[in-house]
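Encoded as structure tokens, the structure appears first; notes follow it.
Rule-based calculations on the coordinates, nothing more; no lab input. Quick caveat: nothing in here was measured; it's all calculated off a predicted structure.
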Amino acid sequence: MSAQTIQDIIVIAGMFFLRIGLPLLVVIGIGYLIQRWLEPKAVHEQFEGMVRTAQENVAVGAASQPCWDVKNCSPELRAECAAFMKTDIPCWLARQIAGQSLPEGCSTCAVRAQILTTRQSA
């Protein structure tokens, strides 16, 4: 192989990378960043510390009972509810992350009020 042939192969490989490889890397990188920024898990991580602190500070009582027990939800409603599936966070936060509407009683929930107050003061 002559030096000109090797140089031609390198130029063709470089042009191939610029034409296909670089745009592919850019698209994959942008997709990764979008997934990372818009992922519901990120919302969960953002509130995780505040939720844990609020749950520890709230007095034991009606607020510590799961909402499905307080409202006597049927098993069918429990199966569809995000709060029943994610019991490690407050029911209103699980429903909000899942894009479900909040029930009427959420406005008087002690845990939610304390977290929102902490978030607004921070």
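Determine the gain in length on full extension of the stretch residue 6-residue 101; use 0.36 nm per residue of separation and subtract their C-alpha separation, reporting nm with one decimal.
Here the segment from residue 6 to residue 101 would lengthen by 27.8 nm.
List, in order, the whole-Hz ³J(HN,Hα) value for each residue of the range 16-33 obtained from phi through the Karplus relation with A = 6.51, B = -1.76, C = 1.60 and θ = phi - 60°; use x for Gly and Pro.
For the range 16-33, the Karplus curve yields 4, 4, 5, 7, 10, x, 5, x, 5, 5, 5, 5, 5, x, 5, x, 4, 5 Hz.
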